[in-house]
Amino acid sequence: MASRHYRIIAVVDPLPSGEELVRRTVAVLRGYNPRDVLWVTLCDDMGMGFESCHVPFLTPVEWLQRTEADLSSRLQELLGRLGITQPEFRLLSGPPNQTLAAVSEEWGSDLILSKETDAGKITGHNGMEWLQPPVPLACAVQTVAVPSPWQRGMQTLLHRWNSRLRPLFFPGRV
């Protein structure tokens with residue numbers, strides 16, 4: 001029986017804080033036998049306005065081009081360390097639900113992988129449905145759990161306590 005090859009959109013943050021998310025996404029991707037992976041970064045629309053005393057240094061289009069070049073190089077470096085070469089990358093600006101729905105339909109994806117905390121933004125079910133109804137996605141969304149630095153610190157602390165206290169309470173079992 002031939003295994004199915006998926007077209008997957010991976011929503012990642014190539015900044016240093018998002019490195020764990022990229023690692024976990026790569027691990028999940030290996031289980032799917034992907035044919036194509038589109039790496040996507042969601043960017044808040046930073047429309048340049050005119051300040052009271054000066055003209056903006058960059059137009060919105062120039063700002064997006066520079067941001068895309070910077071984030072693309074960071075993502076390539078990060079994925080290169082994980083053994084993935086020549087990733088396809090897009091920087092999306094605008095409402096996450098609408099832009100991802102359009103890209104998913106255009107690209108013909110089977111699955112969207114995202115961080116657990118971004119699932120509401122992507123599906124559009126974030127408590128603001130009455131203001132802007134969500135656009136239905138043409139594919140499934142799977143979340144990747146990434147513990148926060150605080151959660152990792154607590155796990156380490158509890159593990160140390162457990163390893164030191166266990167011999168005191170259970171001397172026969174180690």
Q. Looking at this structure, is Glu116 acidic (Asp, Glu), touching a Leu at 6+ places or on another chain (Cβ under 9 Å) and free of Cβ contacts under 8 Å to residues at least 40 places away in the same chain?
A. no
Requiring at least 2 residues that are hydrophobic (A, V, I, L, M, F, W, C), modelled with pLDDT of 75 or more and surrounded by 12 or more Cβ atoms within 10 Å (Cβ to Cβ), the helices (runs of 4 or more DSSP H) wholly within region 64-174 are 96-107
Restricted to region 93-107 and to residues being among the polar types (S, T, N, Q) and touching a Ser or Thr at 6+ places or on another chain (Cβ under 9 Å), the residue farthest from Pro60 (Cα to Cα) is Asn97
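The values are calculated or read from the model by the stated rules, or taken from the named source; none is laboratory data. Here the structure is a predicted model, which means the values were calculated and not measured. Cβ atoms come from the backbone with ideal geometry, glycine included; neighbour counts cover every protein chain shown.
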